[in-house]
Structure formats: structure tokens, C-alpha cells
Amino acid sequence: MIAALFFGFAGLVNLFSPLDLVFNGISNGLRSPAVDDRFVILEVNDGFEHVAAGDTWSDMFTSELVSFLNTLDVESAVIVEPVFTSTSQLPLLTRALEQPTNTVSVSAAPNLKLESPSEGLRDHLTSSNYFKRYWGGVEFGSFGAEYGDVFLQSPESKLSDKTDNIGPSFEIDYAFDVEAFQRLDLSTVLAPDFDAALVRGKRLVVAQASQGDNHPYLMPSQGNGSLAEVILMAAMTLGEERPLNAGFLPAWLFSVGVVGLMLSRRFGSMALRWAPVALACMIVFPIVMDMFSIRTSSGHAIGMISFGTLIAWMRLKKRETANKAFTHNLSHLPSAQCLSAHVGQDQRVMVAAVVTNYAAISTGLTPEQEGITANTIANALPSSGAVYQGDLGQFYWLQTDFDEAAMEDLFEATANQLNKGVIVGERTLIVQVAFGVERIASASLASRLKTAESAAQAAARQRKTYKLHDQDAQDALLWQSRVLFEMDEALRNREIYIALQPQLNIRSGRISSAEVLVRWTHPEMGVISPAEFVQMAERGKRIDQLTQYVIQSSFQFLRDAQKIDPGFNIAVNISPSLIGSAEFEFMLHAALRVYGVKASSIMLEITENEQLLNNSGAQDAMGRLRDAGFGISIDDYGAGLSTLTYLLKVPANEVKLDRTLISTLRYNERSQLLIQSTISVAQSLGMHVVAEGVEDPDTLAILRTLECNLAQGYFIGQPVGAEEILSILESSSSVQAVAQA
């Protein structure tokens with residue numbers, strides 16, 4: 001009996017806990033504590049949902065959001081989405097959090113590893129370790145969690161200013177009416193007519209808009225809610241007088257007594273008749289106790305069950321899962337994962353065979369037939385050992401005594417044999433296969449497997465039977481990977497910086513604007529070409545980081561320049577891939593607000609691009625930017641599409657003539673006629689024209705005759721640092737002041 005009670009209790013604590021949830025919901029419905037009006041939920045609404053997908057927000061979006069929130073006169077703000085993953089992956093956010101005036105905190109990812117963080121970063125990170133119970137909600141809040149050697153406060157502790165008065169964790173009170181919570185959305189707050197008094201002195205909880213899948217947490221008596229609502233419940237719980245928590249012990253002792261009576265010979269029959277009464281008492285007991293500020297639970301006392309069967313079932317499933325992980329489920333061949341899991345080196349040559357039309361030949365096959373097909377292909381391969389199968393028609397093996405000439409013949413023979421057809425049931429399947437070979441024994445098998453497969457894919461693209469791994473191409477990829485890896489560090493260390501090339505107003509003869517250029521001087525690799533690392537940033541998904549850095553640096557320079565010359569403008573190059581991105585538009589508007597500059601002083605240079613010409617969404621986005629006051633410039637006009645249709649479709653107010661056109665202007669009459677007509681057409685459409693690549697006074701004189709608006713080139717001025725441009729502006733301003741006096 002004692003053993004039965006022990007195992008029964010152990011299982012029932014978890015199995016019948018949903019009843020405690022029901023009782024808790026009933027108790028919550030009977031109480032109605034006041035909602036603290038100091039808290040406001042700020043929701044990132046539909047217009048920004050694509051920059052807040054999944055469990056993390058982008059570095060650029062979150063850093064700009066932090067900068068924006070710091071402009072509001074709020075007591076504090078906590079972004080509760082688990083966005084902070086590492087300082088290396090989120091350099092922009094790290095810098096924003098480390099600002100001395102920052103009052104915004106951000107939730108750290110549960111697996112974040114902090115190694116000697118700065119005080120500013122540590123003080124503005126909060127924990128995000130919320131344990132979701134099997135019933136779908138969070139039962140306990142906390143004051144924080146240890147991240148390595150660093151203790152981070154929880155969002156509820158940060159919001160409520162409560163630290164250690166009731167222990168490391170506490171039960172969340174879900175009796176507060178969630179409908180009474182104050183809410184605002186980000187679009188409303190960003191609006192020019194927003195009344196800042198609505199958030200002045202408030203404590204903001206910032207999260208993705210709570211709709212659809214963003215209601216993942218069950219709140220007893222309230223229904224499903226968002227993480228922000230759960231955290232707000234926890235923060236207000238800390239402001240209450242805490243009840244006495246009696247736990248499960250009273251109900252458990254009562255249930256043990258009742259069960260003991262039911263199992264006894266003397267009182268068993270009588271106790272069984274009173275079982276419904278005992279059950280009713282255990283149902284009412286926690287509800288009544290909660291009304292007297294005493295918390296208890298009784299779900300485990302409703303029945304008994306042994307979970308030995310559950311343990312056995314879990315162990316069986318674990319073994320089956322392990323077997324499936326290393327065996328292909330259709331062919332029962334050893335899987336590629338089995339080969340990748342091998343630790344250490346192997347001197348044999350790695351060979352990959354890729355069936356390039358596997359998707360086509362497997363269409364319409366039953367699982368059994370697909371398994372037969374895979375085994376037939378594997379048996380036909382010229383392997384010297386076991387063949388390992390991938391998921392999409394890849395086969396791998398380690399070849400002993402590799403002779404390139406002999407293996408080439410075997411590859412050709414195998415490819416020809418499979419191309420004649422494999423008979424499966426009533427079908428003849430034409431199998432097209434390409435082979436890849438990797439011979440660098442020092443690499444791990446997992447790495448060699450991928451390299452061999454890449455070589456096979458390259459062979460297929462080149463319509464060859466097989467291909468050896470190209471080490472030079474691999475070295476180039478490694479160099480590109482190094483550049484991308486070190487780009488984040490370069491932004492932090494300001495190895496990447498902006499230079500500015502002055503632009504001359506041809507009519508007035510004054511320097512009226514400058515184009516912002518980006519430069520990178522690496523301490524080991526030296527000067528890296530902008531054309532090279534900007535393209536790498538686009539391919540490596542770093543273009544948003546790089547663009548944000550350039551925008552922030554440019555707007556800061558513009559603010560300083562306009563203190564000297566209020567009419568000074570800048571031109572900033574923008575990647576066409578960013579046009580149409582709501583995240584990019586948000587970043588521009590947020591930067592305007594942070595640095596206090598006007599959109600009308602900023603020209604966005606966009607290289608002519610067929611995608612922009614045929615993409616109505618991109619054209620609409622450029623129209624929105626122009627309506628907001630930004631200038632739109634067609635960069636490098638004359639080097640690409642250069643059609644009148646482009647001028648008509650793109651909502652630009654500037655055309656920038658490519659240097660290849662300007663370089664022949666002095667001695668080529670046809671170039672002069674072409675440029676004259678382009679200037680005439682552009683100005684007739686309300687655009688002004690910039691000539692790029694002006695290297696001598698004769699070219700400038702011709703452009704003046706052709707009534708071109710702006711000139712840029714080495715004759716006007718070379719790209720220089722921001723401080724030097726400011727000095728030039730100060731000198732020009734001083735000369736003007738003397739002349740006017």
C-alpha cells in the first residue's frame with residue numbers, strides 16, 4: 001500500500017494538475033484586484049510584423065526601436081521579446097543599450113552566453129526564462145536568472161522595481177482584468193500628432209502585436225494571452241500583498257487519510273460511500289482558502305495512477321528515435337547523419353553521388369518503391385564500402401585506394417548504366433547522376449561530406465559526370481567568409497567609416513552638397529574595395545547593418561554640417577534590395593527623429609535596376625519616400641538600362657550621369673549631344689542632373705554650357721573625411737561673411 005501511495009502520488013501531482021488550473025480560474029473569477037495604470041503595453045503592429053518574425057527581431061529594427069523609445073519621456077521600457085542573442089550578432093543593439101542615457105531594457109535569449117559584459121549592457125538586459133507548463137501557461141514569475149556568472153533581472157522585477165522581498169520565484173496572480181490593460185501600437189506612437197502625455201512617466205512593455213499565434217499562453221479565467229500580458233500580470237503581482245502558500249500538503253494529507261480509510265478492511269465500505277463528499281471537499285477547499293489569501297492545490301488528490309508504463313513507453317520511443325536518426329526510413333540504408341556524426345579524421349577519399357532528377361523520378365512512387373529505387377541506385381554505385389543516403393537523392397561513401405583515372409572510368413560507366421533506366425514495378429526510371437570527390441583528409445567528415453556534395457552539384461551544373469573539389473574556389477569562399485565575419489567587428493571598431501565627396505552647384509559655384517561613400521581599412525588586409533565588401537554584405541545578409549551604420553553616420557554629419565550651412569544636403573547610396581522594405585523605411589524615419597534633420601536635405605541614390613523598373617511595389621515604396629520629403633536619384637544613369645521608360649516609371653527627382661558618359665565629353669560630339677538631350681529630358685520631367693566623374697576644367701565648362709545642375713569628381717574634390725568637409729564649409733562660410741560685410 002505504501003509503494004502504491006508513493007508512485008500514485010508522484011504521477012498524480014502532474015497528471016491531475018489541470019484540475020488545480022480549473023480551481024485557480026474559478027478563484028480568479030471571484031476576485032477583481034485593481035489594474036495598475038502605470039503600465040502600458042506598446043505593440044509592434046501589423047505594419048512591422050515581417051521584421052518581428054519568429055522568436056527574434058532583427059538587429060537593425062530593435063536598435064532603432066531602442067533609440068526611438070529613449071526619445072519618449074517614459075519612466076522605463078522593457079522589450080520582452082527574446083531578441084538578444086549575442087553581442088557579435090547584434091552589434092547595433094549592443095551599442096544602443098550601452099548608451100549612458102538609455103532607459104530601455106531588452107530580454108536576453110535563454111541560451112545567451114555573457115562574457116564580461118559592460119555595465120551598461122548588463123544593466124539593460126533582462127532574463128527570459130519563462131517555463132511554460134504542460135497546461136499551456138506560465139505559473140511562476142521570478143526576480144531574474146543567472147547567465148553564466150551574470151545575474152539578470154526579470155522583466156517583471158525591472159518593471160515593478162521589486163527585487164528580493166519574497167524569494168527567488170513567486171506564483172503569478174491572473175485575477176487582474178486583461179481587458180483593462182492600457183495598450184498602444186507602434187504606428188500610433190510614431191504618428192506626428194501623437195500625444196506624448198499618454199506615455200509620459202509610464203512603464204512600457206514592448207512586444208509584438210498580440211493576435212493570432214501571439215496568444216500562446218493560457219491565463220486562468222482570462223483565456224489565452226501574449227507574453228507581454230503574462231509579464232504585466234507578474235509585475236502587478238509583485239505590487240500586491242502576497243498570500244500564504246500552503247502548497248499541496250493539506251489536500252495531500254487529507255487524500256492520504258481518505259485513501260487509507262478506503263483501503264482498510266474496517267472502514268473501507270463507509271469511506272467509499274463518503275468518497276463523493278471527500279472529492280467535493282477537495283474541489284471546494286482551494287477555492288475557499290484562496291478567498292482567505294491562502295493558496296493550496298488539490299488536483300493530485302482526485303485519483304491515483306502509476307506512471308511506470310509511461311516511463312517504459314518513453315524509453316522505447318527514445319530507442320526508436322535513435323535508430324531512425326541513423327537509418328533512412330525508406331531504404332533502411334545508413335543515413336548521411338550517421339556519417340556526419342563520426343568523430344575524428346579518415347584518410348579515405350569522400351565521394352558524393354547526387355541524383356539530379358531525384359524529385360522527378362520519385363514522384364508517384366509509393367514509399368516502398370522509393371526505398372527499392374534508392375537501394376538499386378546504391379547497389380550500382382562503384383563504392384568500396386558502405387553507402388550512406390541523404391534525404392534528397394544524395395549518396396555518399398568513403399573510397400579506399402582512390403585512382404583518379406580508374407574512378408573516372410567507373411563514374412562514367414555508372415552514370416551511363418543508370419541513365420539507361422532502373423526498373424521499379426512497371427516503371428522504368430531514367431536516373432541522372434553526378435559525382436563529387438573530396439580528398440582533404442584533415443577536415444572533419446561532416447565538412448568533407450558537404451564539400452563533396454558541392455563538387456557533385458558543380459559537376460551537374462557544368463554537365464560533367466564528376467568533379468574534384470576546387471581548393472582555390474574554397475579559399476575564395478573562406479576569404480569572403482572572413483570578410484563577412486569581421487565586418488561586424490569592423491563596424492564596432494570604426495574600421496568602416498564614411499567619406500564624403502563634394503558636389504558643386506554649377507550655377508552658383510558653391511559646394512552645396514556631398515555624396516556619402518563608405519570605406520573600410522582593415523588592420524591586416526588593408527584597404528578593402530567598397531564594390532567588393534558591399535556586394536558581400538548583400539549576399540551575406542549584412543546590408544541592413546551596413547546601411548544603418550551609414551545612415552546614422554551620414555545623418556549625424558548632416559546635422560553638424562547644417563549648423564554651418566543650413567542649406568547643405570547629402571546624397572546616400574541605397575541598395576535596391578532594401579527598396580520596399582518597411583524595416584528600411586522605419587529606420588530612415590527613426591533616424592530623422594533621432595538626429596533632428598529633414599528628409600528634404602537627403603538624396604537617396606539608387607542604381608538603375610531592371611527589378612525596380614518592373615516592380616510596382618518598389619516604385620510605390622520610392623513614391624512613399626519622395627512624398628515623405630526624401631529625394632530619389634537614379635544613380636549611374638547611362639551605364640545600364642538608360643531608357644526613357646526608366647525615367648518615366650521611377651518617381652525620381654534627380655538623374656546622376658555615369659562617369660563613363662562624362663569621361664568622353666571633351667572630345668566626343670556625340671557624347672555632348674547625348675548628354676544635352678538627357679539633361680533636357682530630365683529637366684523637362686522636373687528632375688535636376690548631376691554629372692559624376694568631372695576630372696578637368698574643360699569638362700566643367702561644357703557642363704556649364706549644357707546647364708547641368710551639379711558636378712562631382714576629382715576636379716571638384718576628392719573623397720575626404722567628415723571633419724575636412726566641415727572645415728571646407730566653415731572656410732566658405734567665413735569668405736561669404738567677409739564678402740557680405
The FRET efficiency for Glu146 and Asn653, from their Cβ-Cβ distance with R0 = 41 Å and rounded to 0.05, is 0.15
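Want the number for Thr71 to His215: 0.36 nm per residue separation, take away the alpha-carbon distance, what's left?
Length gained, Thr71 through His215: 48.9 nm.
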Expressed in angstrom and rounded, the centroid-to-centroid distance over alpha carbons for the stretch 635-689 and the stretch 107-128 is 52
Using alpha carbon positions and the Kirkwood radius, the Rg to Rh ratio of the stretch 32-241 is 0.93
Per the rule of 0.36 nm per residue minus the C-alpha distance, extending Arg492 to Ala180 adds in nm 108.0 nm
Along the stretch 711-719, Karplus-curve 3J(HN,Hα) (6.51, -1.76, 1.60; θ = phi - 60°) to the nearest Hz, with x for Gly and Pro, reads 10, 9, x, 5, 5, 6, x, 7, x
Projected onto their principal axes, the Cα atoms of the stretch 482-740 stretch, largest extent first, over whole-Å spans of 51, 49, 37
Short to long, in 10 Å steps from zero, the percent of alpha-carbon pairs of the stretch 454-595 per bin is 10, 31, 28, 18, 8, 4, 1
Here the net charge surrounding Glu115, from other residues whose Cβ is less than 13 Å away from its Cβ (Lys, Arg +1; Asp, Glu -1), is +1
log10 I(q)/I(0) for the stretch 328-469, Debye formula on C-alpha points only (no solvent), q = 0.11, 0.14, 0.18, 0.22 Å⁻¹, two decimals, reads -0.37, -0.60, -0.99, -1.43
Residues other than Asp149 with Cβ under 13 Å of its Cβ, Lys/Arg counted +1 and Asp/Glu -1, net out at 0
Long-range share for the stretch 628-719, i.e. C-alpha pairs more than 15 Å apart as a percent of all pairs, stands at 56
In the stretch 611-706, taking the dipole from +1 charges on Lys and Arg beta carbons and -1 charges on Asp and Glu beta carbons about the Cα centre, the listed residue (Pro651, Ser663, His688) farthest towards the positive end is Pro651
Any residue on another chain or 5+ positions along whose placed amide H is under 5 Å from the amide H of Tyr147 is listed here as Leu152
The simple spin-label model distance between Arg626 and Asp346, using points 7 Å out along Cα→Cβ, in nm, is 6.1
Expressed in nanometres to one decimal, the distance between label points 7 Å along Cα→Cβ at Asp193 and Gln556 is 3.6
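Would you please give the FRET efficiency between Glu412 and Thr356, computed as 1/(1 + (r/R0)^6) with r the Cβ-Cβ distance and R0 = 22 Å, to the nearest 0.05?
Efficiency for this residue pair is about 0.90.
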With 0.36 nm assigned to each residue of separation and the Cα-Cα distance removed, Glu240 to His688 gains 154.7 nm
The convex hull of the Cα atoms of the stretch 529-584, divided by residue count, gives a volume in Å³ per residue of 98
extent check for the stretch 567-697: Cα max minus min per principal axis, descending, whole Å, gives 48, 34, 24
FRET efficiency for Glu426 and Phe326 from the Cβ-Cβ distance with R0 = 45 Å, rounded to 0.05, comes out at 0.85
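Read-outs: derived from the displayed coordinates by stated rules, not from any lab. Computed from a predicted model, the values in this text were never measured in an experiment. With ideal geometry, Cβ positions are generated from the backbone for all residues, glycine too; neighbour counts draw on all protein chains shown.
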